[in-house]
Amino acid sequence: MPEKKGNIIDTTEKRSRILGLAFLIQFVTSITSGVVVLPLATGIPGLGLLENIGQTMANIARNAGLIHLDILLGLVTAAGVIFLGAMLYSALREQNEGLALTAFGLYVLEGALIAVAKLGLFALLVHSQQSISAGSPVSLEPTARMIYEAMSYSSKMFNLAFCLGGTIFYALLLRARTVPWPLSLWGLVSAQGVFAGVLLGLFGVKAPIFLYVLYIPFELVIAVWILIRGVKTETAN
């Protein structure tokens, strides 16, 4: 029997490390893509307000290598989001399986929409290269603008899916005490700021940066905590 208990402990520790790694990978790839690579490639921070589509097309065509890197990072992020959702579902389904499954479904939707946005970015790269080869005719700019707006809308939609799914998962984390409750509460509260920013964006209002600041370091902190300290196996009733 002691051997069986030891195997259970080893399995729990392995799962907790995988959960921490899932948070870490998702954080690193999404931040690298959205804060570093994509702005360098397009000249626009995080698919923000488009001011000069012609200049943006020129930037994209000139930085094809960065665009391909961003697409790769985006696809890794998409896979990481789905994997993170699966790990959170596995850890929290005993709290409320219906809610945990709903949150996992929203994470799957988020990952799919991230992939759609990156496919749009590839289409914009090809279109921009063709435009440059043709001498940058103004007649090609409306199509590029349409592709960009579709990417931007996909970005808002996958962030909305994240906010809904994250709210459910962090509420279940808070209930389960899988990690210290202040950490779960941080995620739950800060996700609402992101949610408010996404809703403002959907109605064409530029969201203030402070709505996102509280959440930005959260995934890194919880990843490091889980990797170092692990998670509690007890669940709340």
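Nothing in this text is a laboratory measurement; each read-out follows from the coordinates by a stated rule. Here the structure is a predicted model, which is why all the values come from computation and not from measurement. Because the Cβ atoms are built from the backbone with ideal geometry, glycine has one as well, and the counts that use them run over all protein chains shown.
Table for the structure above
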item	result
Under 30 Å, Cα to Cα: Lys pairs in the chain, sequence gap 8 or more or different chains	8
Span-like helix ranges in the chain, DSSP H, alpha carbon extent 18 angstrom or more, Kyte mean at least -0.5	2-31, 64-92, 97-133, 141-176, 181-202
Computed [θ] at 222 nm, helices only, for the chain once each DSSP H run of length n ≥ 4 contributes -39500 (n - 2.57)	-27000 deg cm²/dmol
Value of Rg to Rh for region 42-178 (Rh from inverse mean 1/r over Cα pairs, i.e. Kirkwood)	1.13
Among [x] 17.5, 60; [y] 20.1, 75; [z] 23.8, 102, the entry that matches Rg and Dmax of the Cα atoms in Å as calculated here	[y]
GNM top mover of P180, P137, P45 - the chain, alpha-carbon springs below 10 Å	P137
Ranked list, fewest to most other Cβ atoms within 10 Å of each Cβ, for M146, M87	M146, M87
Highest-MSF residue in the chain out of A150, A79, A22 [GNM, Cα springs under 10 Å]	A150
Gain in span if fully extended, L214 to A58, counting 0.36 nm per residue against the direct Cα distance	52.7 nm
Reference-scaled alpha-carbon Rg (2.2 N^0.38 Å with N residues) for region 63-114	1.41
Using θ = phi - 60° and Karplus 6.51 cos²θ - 1.76 cosθ + 1.60, couplings along region 35-40 (whole Hz; Gly, Pro as x)	9, 10, 5, 5, x, 5
Order of Y107, Y215, Y153 - criterion: other Cβ atoms within 10 Å of each residue's Cβ, fewest first	Y153, Y215, Y107
